[in-house]
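Here the structure is laid out as structure tokens; the discussion comes afterwards.
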Amino acid sequence: MKLTGAEIICKALEYEGVEVVFGYPGGAVLPLYDKLYDSPIRHILVRHEQGAAHAADGYARATGKPGVCIATSGPGATNLVTGIANAYMDSVPIIAFTGQVNLSAIGRDSFQEADITGITLPIVKHSYLVKDVNQLAATIRAAFHIATTGRPGPVLIDLPKDITIAQAEFEYPPQVTFRGYRVPGRCDSAQVYQAARAIGEARKPVIYAGGGVISSNAAEELREFAEKTRIPVTNTLLGKGSFPETHPLSLGMVGMHGTAYANYAVSYSDLIIAIGARFDDRVTGRLDTFAPNARVIHIDIDPAEIGKNVRVHIPLIGDVKPILKELIQRVEVPDTREWLKQIEQWKAEYPLRYTNEEGVLKPQYVIEQIWEITRDKNAVITTEVGQNQMWAAQYYKALRPRTFISSGGLGTMGFGLPAAVGAQIGRPDAVVFDIAGDGSIQMTVQELATAVQYNLPINIAILNNRFLGMVRQWQELFNNKRYSQTEFPDLPDFVKLAEAYGAVGMRVTRSEEVRPALERAIATPKPVIIDFVIAREENVFPMVPAGESLTKMVGC
Amino acid sequence: MRHTLAVLVENQPGVLTRVAGLFSRRGYNIESLAVGETHEPTISRMTIVVDGDDLVIEQVVKQLNKLIDVIDVQDVTQAEYVDRELVLIKVNAEPSIRGEIMQIVDIFRARIVDIGYNTLIIECTGDEGKIRAIEKSLKPFGILELVRTGKIAMVRGQKYEED
Ligand SMILES: Cc1cc2nc3c(=O)[nH]c(=O)nc-3n(C[C@H](O)[C@H](O)[C@H](O)COP(=O)(O)OP(=O)(O)OC[C@H]3O[C@@H](n4cnc5c(N)ncnc54)[C@H](O)[C@@H]3O)c2cc1C
Ligand SMILES: Cc1ncc(C[n+]2csc(CCOP(=O)(O)OP(=O)(O)O)c2C)c(N)n1
Ligand SMILES: [Mg+2]
């Protein structure tokens, strides 16, 4: 039987097991929306296409399934761009469908025409402009395959309107073959053997775990590996949840705002075992002084990550999970007793700390309370970007994978709320918190309407300092407190804003109100904003100034 | 150091943009790029000359390999290969000096492909060294226009064993 392009898309999505898509309609995708109307696939109507892309991203990170978003041609498509870039930087599998003008109208500056495959070229894993309806099903199959295998990433499919109307015989290919796309297979056993020996010989080894552990679903293996070898584990921002941060072997986060003991451990180690982590500059600090005495084992599925920033002695190319399984079998257990003692000393000497002062609300305290109240629950934390994000990274001890979702590589203010929408849709039973800043929340606050429409009980905790706090902190430290354009003299009343949207608003100004407010928020079956009025000029410490060595931390 | 890469790609619209975009986005220096269909019409071959140290070249090759439309990348720099480039050069050539120019053309086994009132167009094929040399030799006459195809390269066939 022949189906229209739009019907083929709906069917293909069903074949791919897609239950929900995030989107926003418009002229070029009218035929698609007409078919979605009858489709069993749930459509979540966002309020801005950026929200659709971030929601698909949050959904993917929270569930491990690919996220799907849809936008119309022209402005709809360009509104997706930030969200696509975000997913690209953090290696998140999303598939973006964009409407396009009719094939014959392409290239003539037609109404609402934008060259979205061109615009997104450097920020997609791959993209397609469909020119033949007979290729549509195979294209969608290919897109899902590419987005979800190897190093995950966003794939865009641009759909000329006439393609969605034209008809073709529908047959969904069970698989597609590529001449130019191969996912690395089994890692070379000789390399694993070499790594196993190097680990046995190490005296000051450290595991540096990243987002790849989570996308590989290898947290169990990581734990077994660390416990067997007695090697301490530090994680990146995107690696939060790959290893329980309350574990005695955990060092918490490494890097610019990592713990002092994680930064010391990495800097003085004799062996770094990088697992699904990409030696980002927020992590390494100054490269030429980074971990000067360490040999490096690097497990990564993307060969281009090996040696990109840091010299690697033993590369293990492939999926984390099977490699760790083999390593667990083969590894020689090193003697780390002295090293662990040294680390205990660092932990005692340089703990994460802040001071609670009478009458002021500290953001760290708020995060600690959110952690206390959700630690034993099925909870997902998303964050915005800035100080709020870093306090969340430091004080919210992630225990399980896919529970801490943050925009790392792009650092997109406005990510947290739509990501929370996606996470809550994907995990309806979870308690979801967006840890937000007063600046970031204003970038995508319209998605509160989405949360209200779909009865999503997400909790938005605004750490309100009436500053673009992270930038202000840099101005304080490096620009002589010249607060150029970082202060908000007039903010909306976030309580009233919540109410205007049909959500619940609360304001907290004192420490003792924090706990009751959080309890009330969790018990409220609607979206809630809590406006935490915090100490305005609180800073995030420790901090490695940009471009400095990892050991040159201030404020610890 | 300059490296010569032989890159097989899907013969599809947009592939050239992806490759060129990769180079500009990651800050690699393309010195030349030549592209054309192979004997298998669904595959095109690009010859890319790129400048960079070993680390940069390693990244270039790996990043190229990540493009879905790139089928194979070979760095032929260290291999025994034949390379050719074609250049067209329009020189000032008043009748009185044409003889001198024609001598140069002969020496390089180049060809004259157009004679104008005061100009000649010379076609020359060869490896990099030869192209550079003919350009240098013609320069004193005044080069009015010059166009190069970019280098193409092919690894030599396996040689018969000598006994
Ligand atoms: C304001 C701000 C401050 C920041 N400060 C810090 C900081 O102090 N510390 C910090 O850590 N980060 C910080 N970040 C985040 C930082 O910018 C990077 O996003 C982060 O460090 C990258 O994490 P990752 O190395 O785990 O890599 P990801 O971006 O998660 O990459 C994952 C890696 O794993 C590989 N991979 C994926 N899947 C697999 C698989 N199945 N098998 C094997 N390999 C796989 C990928 O190829 C990739 O190399 C900050 C961000 C912001 C916005
Ligand atoms: C879209 C976007 N624009 C600008 C920035 C630069 N930036 C990084 S942090 C920050 C301040 C964030 O302010 P707020 O949300 O109030 O968080 P705070 O740091 O105060 O907790 C800014 C402007 C960014 N990361 N993203
Ligand atoms: Mg703020």
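The values are calculated or read from the model by the stated rules, or taken from the named source; none is laboratory data. On a predicted model such as this, the values are computed, not experimentally measured, just so you know. FYI the Cβ positions are ideal-geometry reconstructions off the backbone, even for glycines, and counts take in every protein chain you see.
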Turns out the strands (runs of 3 or more DSSP E) fully within the stretch A:361-468 with at least 3 residues that are within 13 Å of ligand 2 (Cβ to nearest atom) and either assigned by TED's automatic domain parsing to the domain that holds A:Tyr261 or under 24 Å from A:Tyr501 (Cβ atoms) (or both) are A:431-437, A:459-464
Residues (within 20 Å of A:Trp474 (Cα to Cα) and in a loop (DSSP other than H, G, I, E, B)) located in the stretch A:259-279: A:Thr259
What's the total number of residues in the stretch A:104-134 that are among the polar types (S, T, N, Q), within 14 Å of chain B (Cβ to nearest Cβ) and not in a loop (DSSP other than H, G, I, E, B)? 2
Inspect all residues belonging to the stretch A:230-237 and state whether any of them is under 23 Å from A:Ala87 (Cβ atoms) and within 16 Å of ligand 2 (Cβ to nearest atom). yes
Need a quick list: strands (runs of 3 or more DSSP E) entirely within the stretch B:119-163 having at least 2 residues that are surrounded by fewer than 14 Cβ atoms within 10 Å (Cβ to Cβ). B:143-148
Would you check if there is a residue in the stretch A:135-156 being within 14 Å of chain B (Cβ to nearest Cβ), farther than 18 Å from B:Lys66 by Cα and not in a helix (DSSP H, G or I)? no
Please name all residue pairs, on different chains or six or more residues apart, with Cβ atoms under 7 Å, provided the first residue is in the stretch A:464-491 and is within 16 Å of ligand 1 (Cβ to nearest atom) and the second residue is assigned to a helix (DSSP H, G or I). A:Gly469/A:Gln387; A:Met470/A:Gln387; A:Gln473/A:Gln387; A:Thr486/A:Val471; A:Thr486/A:Arg472; A:Thr486/A:Gln475
Return the residues of the stretch B:16-64 that are out of contact with any strand residue (DSSP E or B) (no Cβ under 8 Å at 6 or more places or on another chain) and either assigned to a loop (DSSP other than H, G, I, E, B) or of a type in the set (Gly, Ala, Ser) (or both); say none if nothing qualifies. B:Gly21, B:Ser24, B:Arg26, B:Gly27, B:His39, B:Glu40, B:Pro41, B:Asp53
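Every residue, every condition in (1) under 15 Å from A:Met553 (Cα atoms); (2) of a type in the set (Gly, Ala, Ser); (3) within 14 Å of chain B (Cβ to nearest Cβ); (4) out of contact with any helix residue (DSSP H, G or I) (no Cβ under 6 Å at 6 or more places or on another chain), yes or no:
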position	(1), (2), (3), (4)
A:Leu237	no, no, no, no
A:Lys240	no, no, no, yes
A:Glu245	no, no, no, yes
A:Ser250	no, yes, no, yes
A:Gly255	yes, yes, no, no
A:Thr259	yes, no, no, yes
A:Tyr264	yes, no, no, no
A:Arg278	no, no, yes, no
A:Ile301	no, no, yes, yes
Going through the stretch A:226-258 one residue at a time, which ones are within 12 Å of ligand 1 (Cβ to nearest atom) and part of a strand (DSSP E or B)? A:Thr234, A:Asn235, A:Leu251, A:Gly252, A:Met253
Given the criterion within 10 Å of chain A (Cβ to nearest Cβ) and acidic (Asp, Glu), identify the matching residue among B:Asp83, B:Asp51, B:Asp69. B:Asp69
If I ask for residues that are exposed (fewer than 12 other Cβ atoms within 10 Å of the Cβ) and among the polar types (S, T, N, Q), which ones from the stretch B:17-33 would you list? B:Ser24
Residues of the stretch A:212-225 being outside any helix (DSSP H, G or I) and surrounded by 22 or more Cβ atoms within 10 Å (Cβ to Cβ), in sequence order, are A:Ser216, A:Ala218
Would you confirm whether any residue within the stretch A:471-482 is assigned to a loop (DSSP other than H, G, I, E, B), under 20 Å from the mean Cα position of the chain (by Cα), more than 16 Å from A:Phe532 (Cβ to Cβ) and more than 13 Å from ligand 3 (Cβ to nearest atom)? no
Return a yes/no flag: does the stretch A:361-376 have any residue that is within 16 Å of ligand 3 (Cβ to nearest atom), within 25 Å of A:Tyr59 (Cα to Cα) and crowded, with 16+ Cβ neighbours inside 10 Å. yes
Looking at A:Gly17, A:Gly51, can you tell me which residue is in contact (Cβ under 8 Å) with a residue 40 or more places away in the chain and touching a strand residue (DSSP E or B) at 6+ places or on another chain (Cβ under 8 Å)? A:Gly51
Going through the stretch A:323-358 in order, the residues found to be within 19 Å of A:Thr234 (Cβ to Cβ), part of a loop (DSSP other than H, G, I, E, B) and either within 16 Å of ligand 2 (Cβ to nearest atom) or touching a Pro at 6+ places or on another chain (Cβ under 7 Å) (or both) are A:Pro334, A:Thr336
When (1) out of contact with any Cys (no Cβ under 9 Å at 6 or more places or on another chain); (2) farther than 22 Å from A:Leu468 by Cβ are applied to A:Tyr350, the one that fails is (1)
Could we say that B:Glu94 is at pLDDT below 95, closer than 30 Å to B:Glu10 by Cα and more than 14 Å from chain A (Cβ to nearest Cβ) here? no
Could you look through the stretch A:404-432, keep only residues that are surrounded by fewer than 22 Cβ atoms within 10 Å (Cβ to Cβ), of a type outside the set (Asp, Glu) and away from ligand 1 (no atom under 11 Å from the Cβ), and pick out the one that is nearest to A:Gly83 (Cα to Cα)? A:Arg427
So which residues in the stretch A:173-195 are in contact (Cβ under 8 Å) with a residue 40 or more places away in the chain and outside any loop (DSSP other than H, G, I, E, B)? A:Ser189, A:Gln191, A:Val192, A:Tyr193, A:Gln194, A:Ala195
Evaluate the following for A:Val366: is it in contact with a strand residue (DSSP E or B) (Cβ under 6 Å, 6 or more places away or on another chain), away from ligand 1 (no atom under 16 Å from the Cβ) and in contact (Cβ under 8 Å) with a residue 12 or more places away in the chain? yes
Between B:Gly27, B:Gly21, B:Gly14, which is of a type in the set (Gly, Ala, Ser) and more than 10 Å from every other protein chain (Cβ to nearest Cβ)? B:Gly27
